[in-house]
Amino acid sequence: MFEKLFPRYKIILASQSPRRRQLLEILGWSFKAVTKDVDETIPEGMKRAEAARYLAEHKSDHFLEYIDKNTLVITADTIVCLDDSIINKPVDAADAKLMLRRLSGRKHDVFTAVYIRGENIKRLFDVKSSVYFKELSDNEINYYVEKYSPLDKAGAYGIQEWIGLIGIERIEGSYFNVMGLPVKELSEEILSL
């Protein structure tokens, strides 16, 4: 009765992100999470969604041994952009505070690209969301960075954490995309296979 709600393939989530794992768990999908260290250097000149798509596809190249006729590998990459500048993961707490000051009081765009790869399947798509931060005080920024240590997050913040609760005025697009995985679009793609 519910078979059309779940993939007919085994799913490998090739990601270190606990948020992506959490979202697939909420979907109720059975999956195995695997990780590898992959160089995430963006080629010079690439911007915005193009960079996210490049990284999602590039990551999938490192997980080919998991693919067979019954198994799909999902890779994803999330890029935070302020105007045309990509804001990566911060290198330390001071860098995280600088990033949040840049985002404060401004709109920025979040692109997540997802690559679904199977034996004879290659699906690449991206989703854009726009996020509007209120003016953040130095106290708010310092508290968030010291308490939540957002060094593993593009743009130095997690929308589902304290800073998202008190700092985000509105979102245009998918909330889950900003978390790191556009689950509606992913579900539609996988279930259409």
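The values are calculated or read from the model by the stated rules, or taken from the named source; none is laboratory data. If you're wondering where the values come from, they're calculated on a predicted model, not measured in any experiment. Because the Cβ atoms are built from the backbone with ideal geometry, glycine has one as well, and the counts that use them run over all protein chains shown.
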For residues in the stretch 98-108 being surrounded by fewer than 18 Cβ atoms within 10 Å (Cβ to Cβ) and out of contact with any Asp or Glu (no Cβ under 6 Å at 6 or more places or on another chain), which is nearest to Leu193 (Cα to Cα)? Lys107
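Kindly provide the set of residues from the stretch 173-193 that are touching a residue at least 40 places away in the same chain (Cβ under 8 Å), of a type outside the set (Gly, Ala, Ser) and in a helix (DSSP H, G or I), ordered by number.
Listed by number, the residues that qualify are Tyr175, Phe176, Asn177, Val178, Met179, Val183, Glu185, Leu186, Glu189, Ile190, Leu191.
Let's see how each residue does on (1) over 17 Å from Arg123 (Cα atoms); (2) surrounded by fewer than 22 Cβ atoms within 10 Å (Cβ to Cβ); (3) among the acidic types (Asp, Glu); (4) touching a Ser or Thr at 6+ places or on another chain (Cβ under 8 Å):
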{"site": "Tyr143", "(1), (2), (3), (4)": "yes, yes, no, no"}
{"site": "Tyr148", "(1), (2), (3), (4)": "yes, yes, no, no"}
{"site": "Ala154", "(1), (2), (3), (4)": "yes, no, no, yes"}
{"site": "Leu165", "(1), (2), (3), (4)": "yes, yes, no, no"}
{"site": "Gly173", "(1), (2), (3), (4)": "yes, yes, no, yes"}
{"site": "Glu189", "(1), (2), (3), (4)": "no, yes, yes, no"}
{"site": "Leu193", "(1), (2), (3), (4)": "no, yes, no, no"}
Wholly enclosed strands (runs of 3 or more DSSP E) of the stretch 1-95 bearing at least 1 residues over 30 Å from Tyr144 (Cα atoms) and touching a strand residue (DSSP E or B) at 6+ places or on another chain (Cβ under 6 Å): 10-14, 31-34, 71-82
Boolean, Ala33 is more than 17 Å from Met179 (Cβ to Cβ) and either modelled with pLDDT of 95 or more or surrounded by 14 or more Cβ atoms within 10 Å (Cβ to Cβ) (or both): no
